[in-house]
Amino acid sequence: MKYGIVTIAILMLLGGCDQPKVENKTKNTPHIVKQTYFPPPPAKKIKLKKVDDTNFDADYMYPTESKKRDKAEIPAPMAGDTANPMNKEECIAMITQEKFDKYAAMFGSEAASIKRCKMLKATR
């Protein structure tokens, strides 16, 4: 009996609710959303300035030259390094023996020290 009253009350509550209706989705009507919020107008009116565009040159912007440029030549000091590589004596003469040994210990080999001397020579 207790459960009968509870069951009837639940059925009455559920019976009073509207059942959702399923719409036929075969219709191809687009869903239109109306804009409900319009942004405020700008705070101040902006007047556009007239631009003087007489400096435009189509030949400069769109060159018709399709020839590739020649490769840039290597500057003389750098080109000389490949022809006349630096040796240990020149490096020691340029920097002291202490620095040569320090670079050799720091970089792990005498070749690295010589490379460091080449870089120093190129910057001078």
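Assuming R0 = 35 Å, can you tell me the calculated FRET efficiency for the pair Met61 and Arg124, based on Cβ-Cβ distance, to the nearest 0.05?
0.25
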Whole-Hz Karplus couplings 3J(HN,Hα) for region 100-107, θ = phi - 60° and coefficients 6.51, -1.76, 1.60, Gly and Pro as x, run 4, 5, 4, 5, 5, 6, 5, 9
Descending packing, highest mean Cβ count within 10 Å first, for 3-10, 43-50, 109-116, 91-98 is 109-116, 91-98, 3-10, 43-50
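Bear in mind these aren't lab numbers, they're just calculated from the coordinates by the rules spelled out. A quick note: this is a predicted structure, and the numbers were derived from the prediction, not measured. Ideal geometry is used to build each Cβ from the backbone, glycine not excepted, and the neighbour counts take in all protein chains shown.
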